Amino acid sequence: MKKIYILILCVSISLQAFSQENFYKFSLGAGAGITRVFGDLNESRNSMAVYGTADYYLIPFVSLGVEAQIGHLIGGDKNGPYLRYFNNHYATGSLNAKAHLGAFFDKGFRSTPFLDVINGIYFGAGIGLMRNRVSETYHPLTNGKRPTYDQGRDQSIDALIPLNVGIDYAIKDFRGYDRFLINLNFQGNLSFGEGMDGYDDSPVYTHNQYADIYIYPSIGIKYNFGFVGYHK
């Protein structure tokens, strides 16, 4: 009987040690990165954008949040035969969800530095809106007007789907909770409109068969705070 009591005590201690995960419920982040658009023009160029995020953790490693971006998308060729070029000073706002690999691992296997890194790998998706403000140049023969084969607009709002893959590397506070996160993220944004580059060329004249997209690799930092969640 004494051995049974000792066994039950050991099991209870083990469950208490590995079954509970403490975490901050809120997170604010900011960062910067490089943008590159793939639209109706063949030439694309790198530009810059900054972002801010606010997230709420449902459980450790699973979050819902919002993100805002402000930046530029640049493409085209100012010296080409048609002088087709654009500079889009854009802004986006989106809702997103992210799930880290740590959400799928046994809570008892998070002690090694290697697994701490693996826990931080995540995937995410969302939905949002993109405001486009485009400046462009045209061939002199058009007298500054949009040619007949171009039905685009200088200002527009498009829906878009952001897809994310990245990694959060946690820096813990004195209580052992994840306080700061160093974030590396790669984002692809699929637009439901043609305002990203300001051109909406007719398929009759050009090979305009695909939606506009832009990619956005970035680096940033997040600060976790607020109420402490307890997850078993």
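Calculated FRET efficiency, Asp173 to Ala68, Cβ-Cβ distance, R0 = 35 Å: about 0.85 to the nearest 0.05.
Put a dot 7 Å past the Cα of Leu129, heading toward its Cβ, do the same for Ala103, and the two dots end up 2.7 nm apart. The slack in the chain from Ala32 to Ile157, taken as 0.36 nm per residue of separation less the alpha-carbon distance, amounts to 42.7 nm. Remark on Glu21: its backbone amide H falls under 5 Å from those of His231, Lys232, a criterion applied only to residues 5 or more positions apart or on other chains, H modelled at 1.01 Å from N.
Readers should treat all values here as calculations from the given coordinates under stated rules, not as data from a laboratory. The structure displayed is predicted, hence computed values, not measured ones. Every residue, glycine among them, receives a Cβ derived from its backbone with ideal geometry; neighbour counts consider all protein chains shown.
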